[in-house]
Amino acid sequence: MKIIRNPQDLQREPSKLTGFVPTMGALHEGHIALINQSKNECDHTVVSIFVNPKQFGPKEDFTKYPRPENRDLELCEKAGVDVVLLPDASSIYDGDSLTICVQGVTEMWEGVHRPGHFDGVATVVAILFNIVRPNIAYFGQKDYQQCAVIDRLVKGLHYDIQLKFVETIREPDGLALSSRNAYLTPEQRSTAPILYQTLFTTKKAIESTPDSTSKIAEYLIEAKDSLNKHGFDVDYFAFVDPTTLEPISRLTQIGRLIVAAKIGNTRLIDNISVVL
Ligand code: AMP
């Protein structure tokens, strides 16, 4: 496995089908699922590990974000990754002179609670795509709105890159794997699966009364109340169109439930599909 710190040293392999998995490290089975899918579908797999300062707000956890570099490299090696790109911020950004802003889908949900976050994501992903020039890029559905943003980015900039959005990997109790789960105290960790359980119960409720706008509105209120009672501080719990992410009031074909909530200082996000 090659470890490349300077993006200029990355040798592209135009004759090989290249799969790319961008990450911020602190790798877990969720990341490994993306890597495995790339390994299955491509000849050459590149993983980037870059804690992107541009996507963190001033009060967010950039400095305390976990950076277990040796462990991450071991996991990549074990997973059969061909190249790990480990750049520092100065080799990615030319000062602060460039920001790529995807409009529309970034202006709701995470975009409201994390101003500037998606500009940071779109900018780094656009730059990494130009460095790596992959044929296929892999992202996790756990960051559902991020998938929508990257989709618009690729279409808007006419990247010749196929996107694959991989299903969320969960703990046996339903909690979505996340590098930020490491922040949870044992007590918070035992509460955290309620987030997914609430998504699941609400999904089932909506699927049983897809036409009833009043009942669906009630289910959403009940879900928020229940999460608040369990000690979560809910940023949003919403039923949305799976493509535009605009709120919807009934289920005609497919919808998505999306949630963001804090337990203590740790902010968790999750989502689930709702199908007629
Ligand atoms: P991150 O390192 O958190 O930026 O995540 C890197 C990639 O892994 C993103 O595309 C995430 O959506 C994806 N990812 C994170 N957690 C999971 C999970 N539990 N299951 C599947 N993919 C995930």
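None of the figures in this text is laboratory data; all of them are computed from the coordinates on show. On a predicted model such as this, the values are computed, not experimentally measured, just so you know. Cβ: placed from backbone, ideal geometry, glycine included. Neighbour counts: every protein chain shown.
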Do any of K54/K164; K64/K204; K39/K155 go past 30 Å between their Cα atoms, and which?
K64/K204
Proxy reagent accessibility, fewest Cβ within 10 Å first, across T185, T123
T185, T123
How high is the relative contact order of region 168-276, given as a whole-number percent (alpha carbon pairs under 8 Å, six or more residues apart)?
26
Determine the percent antiparallel among the DSSP beta bridges restricted to the chain, to the nearest 5.
50
What percent does the relative contact order of the chain come to when contacts are Cα pairs within less than 8 Å and at least six residues apart?
17
Relative contact order computed over region 43-175 (Cα-Cα under 8 Å; 6+ residues apart), in percent
25
